[in-house]
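Sharing a structure with you now.
The values are calculated or read from the model by the stated rules, or taken from the named source; none is laboratory data. In this text, all values refer to a predicted model and were calculated from it rather than measured experimentally. Here the Cβ positions follow ideal geometry from the backbone for every residue, glycine too, while neighbour counts run over all protein chains shown.
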């Protein structure tokens, strides 16, 4: 096992606490370390790891090909500044040797040594930044970002920079309410999960930070599985399902999103950070407890939930590969 | 905890305070119209007095939380406690809570202040100037100059109208309510009769209710609740739950592990079965039917309705 694999497995946010999975409002305060069977994760809200430069290059490539991955309705200007400062503060607190944010009266200075970047700016003055604030900072983090405005007793997804969407589209969702955005998710509406989540978010106080995880399966570890590029990646599911079982372990990845929910200050907006982690089944299998649990979750998952997650075709090959792997290891 | 960084008297009975971090740290930013809850000494019942006060700044990257408090000699004593504070005194202050924020999509903002109700309106006006929003302020007060009148004159220029009484106010505001552009939002803070009259007249002038806002205190903070005793059925042990301590905290302090996540009555993780006693449900998780059944409790926020509760623990 290489060092890179080692560290990926050790820091992977394995999401399953039980042998079955259902949607829930699984929120907890951000920042605490979660111990897993292989290591742990969760100390940092904005997390920089060894794939930082690779993933930022991928984000820039996607954004250059499709600038609509960045969206901001005009009334989200203040929220963009809030988000930028909150992310800069989080980075400089977590990585003081490479990132710093200094303030001298009205003048701010942001330094990101990892990108060899230095930027002075005046808060609220667009002309002092090379691009919109959310786009500027979004290109310096591995997280996707969505900003939710709170008004009329609801939340509205009115801005974002999303290049690593798991089967959705920011351009399609921008301007929708929280309930509309989650409209297609099965089960959660009758169970009240979404309305409860919205009530919870709307009560967050300035500076409060919570987190949750979500998951799906992705073929070939592709970060950009957005609706826009479906023609490019849709067929991967078929080639996986129709291909040899031996290839499944390398190709099929458990995709886990660590999502942070943060109440911003002056705008009162909610910042939604989504960090995507992926681990191929071969690496999951290095941790027998994970392989066993993933096998059981995938086997039990109801069809409507599998359909919504877009894994109807690929979950059986995944289950078969995990079962096969267990037989081979003789347990 | 913050300390009093400066004090000044705006009028005979209104004192302005700036609360700062004792170490000089920056304070969390807040939405205009936000309030903080201060612990103002201890009341006659032995419980901390908690009062909510609006912050008067724009909310952008504040180095202090500024608030203005009118002394109420007939009140519960919170405002008198604040008026007795000196420079450097410590004050327990909650995070800012936003319940009266400007609507980001509004085309124009009409801000109406009555007396000391000017405090959140000043915050709105500062932010409106800061971000170039279209706005106007109508400020009514009695006798002398209203608190923060100078600040508003400096900020608003021609966008400010002042009045010495209700009839003066309505001679200008009533026609204004008929001709402001569609998409305008209306915000009022002041005495209840003023809030009611603005609301009623705006409704009569055809304003949709979603565009009429007023400041209301007292909903954001969960009350500390009264003390009660909880019995654990498995061991027969009694655990005291003091006022201001959650049932979950009390159980944990007693060595009873209860799985939990959010500790805010939302996630549903800490649900505990109830054997006997009535529950004062304060969570967002249980359905109305479940609450009515009374056979479980979310101990992170909910409490006993009476003096005792018995849990299946």
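Hey, residue A:85 hits all of (1) farther than 30 Å from residue A:308 by Cβ; (2) more than 14 Å from chain B (Cβ to nearest Cβ); (3) under 20 Å from the mean Cα position of the chain (by Cα) but one; which does it fall short on?
(2)
Answer yes or no as to whether residue A:154 is at pLDDT below 95, within 14 Å of chain B (Cβ to nearest Cβ) and closer than 26 Å to residue B:30 by Cβ. Explain how you work it out, then say what you get.
On the way: at pLDDT below 95: yes; within 14 Å of chain B (Cβ to nearest Cβ): yes; closer than 26 Å to residue B:30 by Cβ: yes.
Yes.
Sort through B:86, B:68 and tell me the only one that's assigned to a strand (DSSP E or B) and either in contact with a strand residue (DSSP E or B) (Cβ under 9 Å, 6 or more places away or on another chain) or at pLDDT below 95 (or both).
Just one listed residue meets the conditions, B:68.
Quick one: which strands (runs of 3 or more DSSP E) sit completely within the stretch B:214-313 and have at least 3 residues that are surrounded by fewer than 19 Cβ atoms within 10 Å (Cβ to Cβ)?
In the stretch B:214-313, the matching strands (runs of 3 or more DSSP E) lie at B:228-232, B:272-276.
Inspect the stretch B:17-37 for any residue being more than 28 Å from residue A:89 (Cβ to Cβ) and over 18 Å from the mean Cα position of the chain (by Cα) and give the result as yes or no. Spell out how you get there, then give the answer.
First, the residues of the stretch B:17-37 that are more than 28 Å from residue A:89 (Cβ to Cβ): none.
Within the stretch B:17-37, not a single residue is more than 28 Å from residue A:89 (Cβ to Cβ) and over 18 Å from the mean Cα position of the chain (by Cα).
Now for a separate question. Looking only at the stretch B:117-152, which residues are part of a helix (DSSP H, G or I), more than 13 Å from chain A (Cβ to nearest Cβ) and surrounded by fewer than 23 Cβ atoms within 10 Å (Cβ to Cβ)?
Scanning the stretch B:117-152 gives B:149, B:150, B:151.
Would you confirm, using the coordinates I've provided, whether residue A:144 is under 28 Å from residue A:249 (Cβ atoms) and more than 13 Å from chain B (Cβ to nearest Cβ)? First the steps, then the outcome.
Details: under 28 Å from residue A:249 (Cβ atoms): yes; more than 13 Å from chain B (Cβ to nearest Cβ): yes.
Criteria met by residue A:144.
Residues of the stretch B:99-108 being surrounded by fewer than 23 Cβ atoms within 10 Å (Cβ to Cβ) and either within 12 Å of chain A (Cβ to nearest Cβ) or in contact with a helix residue (DSSP H, G or I) (Cβ under 7 Å, 6 or more places away or on another chain) (or both), which ones?
B:99, B:103, B:105, B:106, B:107
Okay, moving on. Would you please name the residue that is surrounded by the most Cβ atoms within 10 Å (Cβ to Cβ), looking only at residues in the stretch B:17-43 that are in a loop (DSSP other than H, G, I, E, B), touching a residue at least 24 places away in the same chain (Cβ under 8 Å) and more than 10 Å from chain A (Cβ to nearest Cβ)?
So in the stretch B:17-43, the residues in a loop (DSSP other than H, G, I, E, B) come out as B:21-34, B:43.
Adding the requirement that they be touching a residue at least 24 places away in the same chain (Cβ under 8 Å) leaves B:22, B:26-34, B:43.
Restricting the remaining residues to those that are more than 10 Å from chain A (Cβ to nearest Cβ) gives B:22, B:43.
Details: B:22: 11, B:43: 14.
That would be B:43.
So for the stretch B:60-67 (the condition being surrounded by 18 or more Cβ atoms within 10 Å (Cβ to Cβ), touching a residue at least 24 places away in the same chain (Cβ under 8 Å) and under 30 Å from residue B:181 (Cβ atoms)), does at least one residue qualify?
yes
Something else about it: Of these, B:77, B:115, B:88, B:144, which one is closer than 23 Å to residue B:17 by Cβ and in contact with a helix residue (DSSP H, G or I) (Cβ under 9 Å, 6 or more places away or on another chain)?
B:115
With respect to residue A:244, is the statement that it is without any contact (Cβ under 8 Å) to a residue 60 or more places away in the chain and more than 27 Å from residue A:11 (Cα to Cα) true?
Answer is yes for this residue.
Restrict the check to the stretch A:51-58 and report whether at least one residue is more than 17 Å from the chain's Cα centre (by Cα), touching a residue at least 24 places away in the same chain (Cβ under 8 Å) and surrounded by 13 or more Cβ atoms within 10 Å (Cβ to Cβ).
No, every residue in the stretch A:51-58 fails to be more than 17 Å from the chain's Cα centre (by Cα), touching a residue at least 24 places away in the same chain (Cβ under 8 Å) and surrounded by 13 or more Cβ atoms within 10 Å (Cβ to Cβ).
Something else now. Restricting to the stretch B:68-83, what's the tally of residues that are free of Cβ contacts under 8 Å to residues at least 12 places away in the same chain and closer than 19 Å to residue B:5 by Cα?
1
Kindly list the number of the only condition in (1) in a helix (DSSP H, G or I); (2) exposed (fewer than 13 other Cβ atoms within 10 Å of the Cβ); (3) touching a residue at least 40 places away in the same chain (Cβ under 8 Å) that fails for residue A:196.
Of (1) in a helix (DSSP H, G or I); (2) exposed (fewer than 13 other Cβ atoms within 10 Å of the Cβ); (3) touching a residue at least 40 places away in the same chain (Cβ under 8 Å), only one is false for residue A:196: (2).
Exactly one of these conditions fails for residue A:147: (1) under 22 Å from residue A:78 (Cα atoms); (2) without any contact (Cβ under 8 Å) to a residue 24 or more places away in the chain; (3) buried (at least 21 other Cβ atoms within 10 Å of the Cβ). Give me its number.
(2)
Of everything in the stretch B:89-104 that's over 22 Å from residue B:156 (Cβ atoms) and modelled with pLDDT of 95 or more, which residue is nearest to the chain's Cα centre (by Cα)?
Restricting to residues being over 22 Å from residue B:156 (Cβ atoms) and modelled with pLDDT of 95 or more, the top hit is B:91.
Tally time: how many residues in the stretch A:32-47 are assigned to a loop (DSSP other than H, G, I, E, B), within 14 Å of chain B (Cβ to nearest Cβ) and more than 16 Å from the chain's Cα centre (by Cα)?
1
Residue B:196 passes all but one of (1) modelled with pLDDT of 85 or more; (2) surrounded by 13 or more Cβ atoms within 10 Å (Cβ to Cβ); (3) within 30 Å of residue B:119 (Cα to Cα); which number fails?
Failing condition for residue B:196: (2).
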